[in-house]
1. Here are some residues: 94, 81. Which one is in a loop (DSSP other than H, G, I, E, B), modelled with pLDDT of 95 or more and within 22 Å of residue 16 (Cβ to Cβ)?
2. Among residues belonging to segment 64-89 that are buried (at least 16 other Cβ atoms within 10 Å of the Cβ) and without any contact (Cβ under 8 Å) to a residue 40 or more places away in the chain, point out the one that is farthest from residue 6 (Cα to Cα).
3. Any idea which residue in segment 127-161 is surrounded by the most Cβ atoms within 10 Å (Cβ to Cβ), counting only those that are free of Cβ contacts under 8 Å to residues at least 12 places away in the same chain and not in a loop (DSSP other than H, G, I, E, B)?
4. Looking at 123, 127, 91, which one is closer than 16 Å to residue 80 by Cβ and in contact with a helix residue (DSSP H, G or I) (Cβ under 6 Å, 6 or more places away or on another chain)?
5. Kindly list the number of the only condition in (1) within 12 Å of the chain's Cα centre (by Cα); (2) closer than 20 Å to residue 121 by Cα; (3) in a helix (DSSP H, G or I) that fails for residue 76.
6. Yes or no: segment 54-65 includes at least one residue that is within 18 Å of residue 31 (Cβ to Cβ) and in contact with a helix residue (DSSP H, G or I) (Cβ under 7 Å, 6 or more places away or on another chain).
7. Return the pairs, sorted by first residue and then second, in which the second residue is crowded, with 17+ Cβ neighbours inside 10 Å and at pLDDT below 95, the first residue lies in segment 92-115 and is more than 18 Å from residue 138 (Cβ to Cβ), the beta carbons are less than 8 Å apart, and the residues are 6+ apart or on different chains.
8. Within segment 1-23, can one find any residue that is at pLDDT 95 or above, over 13 Å from the mean Cα position of the chain (by Cα) and either exposed (fewer than 15 other Cβ atoms within 10 Å of the Cβ) or in a helix (DSSP H, G or I) (or both)?
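The values are calculated or read from the model by the stated rules, or taken from the named source; none is laboratory data. What you see is a predicted model; the values in this text were computed from it and never measured. Cβ placement follows ideal geometry from the backbone for every residue including glycine, while neighbour counts extend to all protein chains displayed.
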C-alpha cells in the first residue's frame, strides 16, 4: 500500500504561544506522528494549506480537491481542522477511484494529551480497508460525510440520520 497525505492545517498542527491561547498553524505534524508509530509502508506528505479550518474558502476546498485528484496514490489521508472538516469532505464527493479519509484532532499533536496519533492511526486503517469514497475518521469511528456533525459541546463527531 502507498498512502498520500495532504495537510491543510487545523488544530492538529497548531502551536500555542501564551496562556491567552494565541496560536498559529505550525509545520505539519503528521510525518512525525507516522515516524513515531513506526509506519513501514511508503507515505508521501504534501502540505497544501496551513490554515485554521474556519478560514478555509471554497477556493481552498477546490485546491484540496485538485491535489487529491493529482495524487498518484489511490489512498489519500487529509489532515484538516475539525470545524469545517465535514464541508471539505462533502466538497470531495465524486472524486473517482480514490479512498479519501479526512481526520484531525481536538488537541494539537504537539500536546502530550492529544487525540492526533489515535485519529491518524484510525484514518490509516480506514484508508487501507475501505472502498473508494470519502470518509471522516474521528473519535475511533469512521463516518459518511453526508451523515455526520461535529458536536462542539461534547468535543466529538456524531452520526446523524
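1. On inspection, the qualifying residue turns out to be 81.
2. 84
3. Per the criteria, the residue is 158.
4. Among 123, 127, 91, only 91 is closer than 16 Å to residue 80 by Cβ and in contact with a helix residue (DSSP H, G or I) (Cβ under 6 Å, 6 or more places away or on another chain).
5. (3)
6. no
7. These pairs meet every condition: 110/14; 110/29.
8. Yes, segment 1-23 has at least one match.
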